[in-house]
Structures are given as C-alpha cells and as structure tokens.
Amino acid sequence: MWEILIFIGIVAFAFWSIRKVNLRSSDETISVIHEDIKEEIKSEFEREEALLSESGPEEENIEDKNLDKLLSEAHTEFEQGNLREAERLLIEAIRQDRHNAQAYFALGNIFFKEENMDDAVNAFEKAVEYDRTNDTALNNLGLVYYKMKDYKSAVSYFEKATVLNPDIHHRFTSLALAAKKNGDNKLALKALERLTSLEETPDIKHLKMLAEAYEVLGQKGKLTKTLTKILEIDPEDSDVKRKLARYE
C-alpha cells in the first residue's frame, strides 16, 4: 500500500516540477518577445528622429505657392517649350498633393514629348489611378505603348478610352491600327465600322481602310458596297475603280 502512495507522490512532484519549468519558460519567452517589440519600436522612433534631423527647412518660395498656380505655371512653361521648368513645377505640385491626377497627366505629356516612354507610362498610369474617368490619359497610354511597339497593350488602352468617350472619333482609327498590328483583323474591322458609322460626313480615307479590312477578311459583299460608296464621293479614283471591277 505504501509503495502505491510513494508512487503517487513521485508522479505528483514530477508533474509539479514540469509545470513550473514550462511556466518559467513561457514567462521567459514572453519577456523576450516584449524586449523585441520594445527594440523594434525604439528603432522606429530613432529612424523617424534621424529623418527629421536630416531634413532641412522648407523652401518658402515653392511651398507657399498654391496647387492651382503651380499647375498653371507648369502649363505655361510647357507651351513655351521650357520642359525642365514645367517638370520641376509639376513635381512640386505632386509633392503637395500625391493624388493629383492633373499633375501626373501633364508630367506624362512632358515625358512623352521627350520620348522617355517608361516614365510616361508611369505618369499616365498614376493619372488614371487617381482619376478613373480620365479617358485622355488612357488614350495617351495607348499612344505610348503603340510607339513602344507593344500593340497588345496599346489595343487594351485604346479600347478603354473609346468605351469611356466614344465621341472622339480618331481614337477608333488608333484602335484599328493597333489591332491590325497586333494581328487582330476582326477587332480592327469592328473599330472601323464603328468609326464610319459615327461620322456625319463620310471620310474617304476611313472608307478605304474599312474596304481593306473587308478584303483581308474576305467579306466580298461589304467590300464592293464600300468601294461603291467611295466612288460616289470621288468618281475619278482609278485605284478603287480597278479594285471594284476585280470583285464584281
């Protein structure tokens, strides 16, 4: 009997010892974690203090200008061809308002004019990010990518621009050209059909592009109809006459 009691006592003591060790280990771990957090917070404050101490006084001649004035002056400098000064003013405007779509858009135009395409893309993308309705920035992204010969991206942005604002007809021409370069003749045709349907006065150049698209896709009936329409506008067009004779 007493052997059993001794055994129970040994087990109880062992359990108590293990639990004490575990609790102490847990307390030590928590203490270490707290020290790590304190060091991390301390380091963060030290970094902030260092940044503040390194920064100089604000430039009164620039910081005091309001945003509208900066943008207006940047536009004037751009029109006069002073691109570096326009860029400086726009960067200052962005410093004052990180979400100013107009400033990013104007900066994109500067980069595009300088053929700095990578920075133009970044600027126009920021303009779109902060103003989802900016169809001109979307169209300009299409122009940048077209110039970079990334026709797939150009198509994507031209499509978005025409969806947001279908009233600017020449964008359908850009979309058709990009789609053709990208090997998507059906999309090119769709864009040209939309373009010619929107025009109050038929444009011979666009009708010829449409006729070419019909020819590429083998749509003979629509091709001859379009060629006939061109001849109604310009009966002396010998090239169109020959092509129409070949398909009739």
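The values are calculated or read from the model by the stated rules, or taken from the named source; none is laboratory data. Note that the structure is predicted; figures quoted are calculated from it, not measured. Neighbour counts are summed over all protein chains in view; Cβ atoms, including those assigned to glycine, are modelled from backbone coordinates with ideal geometry.
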Which of the residues spanning segment 47-75 are surrounded by 13 or more Cβ atoms within 10 Å (Cβ to Cβ), of a type outside the set (Gly, Ala, Ser) and at pLDDT 50 or above?
65, 67, 70, 71, 73, 75
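Can you tell me which residues in segment 144-155 are farther than 19 Å from residue 189 by Cα and surrounded by fewer than 20 Cβ atoms within 10 Å (Cβ to Cβ)?
Matches in segment 144-155: 147, 148, 149, 150.
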Qualifying positions in segment 198-220 - free of Cβ contacts under 8 Å to residues at least 12 places away in the same chain, more than 19 Å from residue 187 (Cβ to Cβ), of a type outside the set (Ser, Thr, Tyr) and outside any helix (DSSP H, G or I)
200, 203
With respect to residue 223, determine if the residue is assigned to a helix (DSSP H, G or I), over 19 Å from residue 189 (Cα atoms) and free of Cβ contacts under 8 Å to residues at least 60 places away in the same chain.
no
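To keep it simple, each residue is scored yes or no on (1) in the same structural domain as residue 168 (by TED's automatic domain parsing); (2) among the aromatic types (Phe, Trp, Tyr); (3) part of a helix (DSSP H, G or I).
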| position | (1), (2), (3) |
| --- | --- |
| 91 | no, no, yes |
| 95 | no, no, yes |
| 111 | no, yes, yes |
| 141 | yes, no, yes |
Among residues of segment 156-203 being β-branched (Val, Ile, Thr) and surrounded by fewer than 22 Cβ atoms within 10 Å (Cβ to Cβ), the residue nearest to the chain's Cα centre (by Cα) is 163
